[in-house]
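Heads up, the thing below is written out as structure tokens.
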Amino acid sequence: MLNSPLNKKIVNQKIKQLRIPEVGKASIREIVALINLIEEETGVKFVRMEMGVPGLPPTEIGTQAEIEALTNGVASIYPMIDGIRPLKEETALFVKNFINISVNPKGCVPTVGSMQGTFVAFMAAGNTNEKKDTALFIDPGFPVQKQQMHVLGLKYDTFDIFHFRGEKLHEKLEEFLAKGNIHSIIYSNPNNPSWICFTENELKIIGELANKYDVIVMEDLAYFGMDFRRDISNPGKPPFQPSVANYTDNYILFISSSKIFSYAGQRIGMMVVSEKLFDRDYPDLQKRFQSSSFGNTVTLRLLYSISSGTSHSSQWALTAMLKAANENRFNFLKEVKEYGEKAKVMKKLFLENGFDIVYKRDLDETIADGFYFTVSYKGMTGNELVKNLIYYGISAIALNGTGSLEEGIRACVSFVQRSQFTELENRLKAFHGHFSTNINR
Ligand SMILES: Cc1ncc(COP(=O)(O)O)c(C=O)c1O
């Protein structure tokens, strides 16, 4: 390991201590634990790209509103399970202002992060029809959602979008949907980990096929508006956040406060269920949960059982942030643009040192710079790349854990400080210097 800033022996010893059989296959949280241990022992600060922590201060409008709510005594009062009225109304307004879709506040329900939202949505959707027992993930995707499926004991299918962009998506989706066993389609847009963004035509394909096969579309908008190629930050004015909701009324949107408002610690997100789906009666849901409508099952059966709602004070925080965005007093995208700007510099450093971008394009457009990007290194699998980079003080996760069939890693820019860019460059140079000349990898 030429010019590696780390003692290989110590790294290997820590891998052993955590009983990680193959570093490349470790989960995000395992990599976090490993790097913490190595940093502690060696004193070498890593360029940490493994976890999607926001990395910016929380939006003050939120923290101030939350403090005020606590001072006013909300801590002693159970919130309504389907959310406090002002939050539901501001969410519906936000959806109108920034997606240009009209939704009923009734279907806007807070959850303990989008994580809880997808958990209950999977549970409900997986029981809507006895004949439809499988969810379909358009991958690559957020690994924890697959873990949720495992925890719930639910089945899923998946395919990697890499070779199926544009019109090809139609045939590929239909191949799965025509089997008749799919109850829902799940994806994130912008996509974690690849940062691809679906085109309008691709969303139309998804929406129209969802109508044809009566499938629920779960659109995870954790990175709402963060396709910085288009500025969607003006409320009520185009362009808007693209959404499948323009093409089907069988959808659930997940809007998380974690990334757009840097509010991850307070664990609050909104699930926005279309009115048609919210009110729809499914006889099989009645059998399973003694509650026939989708909306009542999610709120009064599932959310009630799991956490009896979302923390009261954080609901006031989110209300205030959404209200400020709706009233054009707070440009939430201006704050997070920093991620795109950092990504631009970091991608350049990787490209100059023998790396290539894996998911490069949205059809005829180069992908946006944002929260994540994906890179590969010639002749190395993603797993090997994760492991080899650790010896050079750089941490990331392998793409194959995300449902991708491509070899490479996901790099998350949020936690990397600008002050680390020179160090990143030096480490990448040392890495490339070693591996481009060393054939005995
Ligand atoms: C695609 C995607 N969905 C959901 C989440 C989790 O959101 P929350 O913090 O609201 O639970 C993340 C977080 O990284 C994500 O990347």
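Here are some notes:
- Scanning segment 63-71 for residues that are assigned to a helix (DSSP H, G or I), touching a residue at least 24 places away in the same chain (Cβ under 8 Å), buried (at least 23 other Cβ atoms within 10 Å of the Cβ) and not assigned by TED's automatic domain parsing to the domain that holds GLY370 turns up at least one hit.
- Meets criteria (in contact with a helix residue (DSSP H, G or I) (Cβ under 6 Å, 6 or more places away or on another chain), outside the structural domain of LYS337 (by TED's automatic domain parsing) and on the phi < 0 side of the Ramachandran plot) for GLU50: no
- Residue within segment 87-108 that is polar (S, T, N, Q) and outside the structural domain of ILE255 (by TED's automatic domain parsing) present: no
- Qualifying residue in segment 379-390 (condition: closer than 20 Å to ILE138 by Cα, aliphatic (A, V, I, L, M) and buried (at least 24 other Cβ atoms within 10 Å of the Cβ)): no
- Only a single item in (1) among the polar types (S, T, N, Q); (2) crowded, with 23+ Cβ neighbours inside 10 Å; (3) closer than 18 Å to ASP284 by Cβ is not met by SER114, and it is number (3).
- If the condition is being in contact with a helix residue (DSSP H, G or I) (Cβ under 8 Å, 6 or more places away or on another chain) and within 16 Å of the ligand (Cβ to nearest atom), then segment 196-205 contributes ILE196, PHE198.
One line per residue, one yes/no per condition, for (1) part of a helix (DSSP H, G or I); (2) closer than 22 Å to ARG410 by Cβ:
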residue	(1), (2)
ASN3	no, no
LEU6	no, yes
ILE10	yes, no
ILE31	yes, yes
LEU34	yes, yes
GLU40	yes, no
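- Close pairs from segment 106-119: first among the aromatic types (Phe, Trp, Tyr), partner more than 7 Å from the ligand (Cβ to nearest atom), Cβ under 7 Å, at least 6 apart: PHE119/GLN148
- The criterion of at least 3 residues that are within 15 Å of the ligand (Cβ to nearest atom) is met by the following strands (runs of 3 or more DSSP E) wholly inside segment 73-178: 108-111, 134-139.
- Matching residues in segment 210-241 - criterion: being more than 16 Å from the ligand (Cβ to nearest atom), buried (at least 20 other Cβ atoms within 10 Å of the Cβ) and within 24 Å of PHE119 (Cα to Cα): ALA210, VAL215, ILE216
- Restricting segment 248-271 to residues that are aliphatic (A, V, I, L, M) and touching a helix residue (DSSP H, G or I) at 6+ places or on another chain (Cβ under 6 Å), the residue that is nearest to the ligand (Cβ to nearest atom): ALA264
- Exactly one residue out of VAL32, VAL44, VAL23 is in contact with a Leu (Cβ under 7 Å, 6 or more places away or on another chain), assigned by TED's automatic domain parsing to the domain that holds GLY403 and either modelled with pLDDT of 90 or more or buried (at least 17 other Cβ atoms within 10 Å of the Cβ) (or both): that is VAL44.
The values are calculated or read from the model by the stated rules, or taken from the named source; none is laboratory data. For clarity, every value in this text was computed on a predicted model and none was experimentally measured. Using ideal geometry, Cβ is built from the backbone for each residue, glycine included, and neighbour counts are taken over all protein chains shown.
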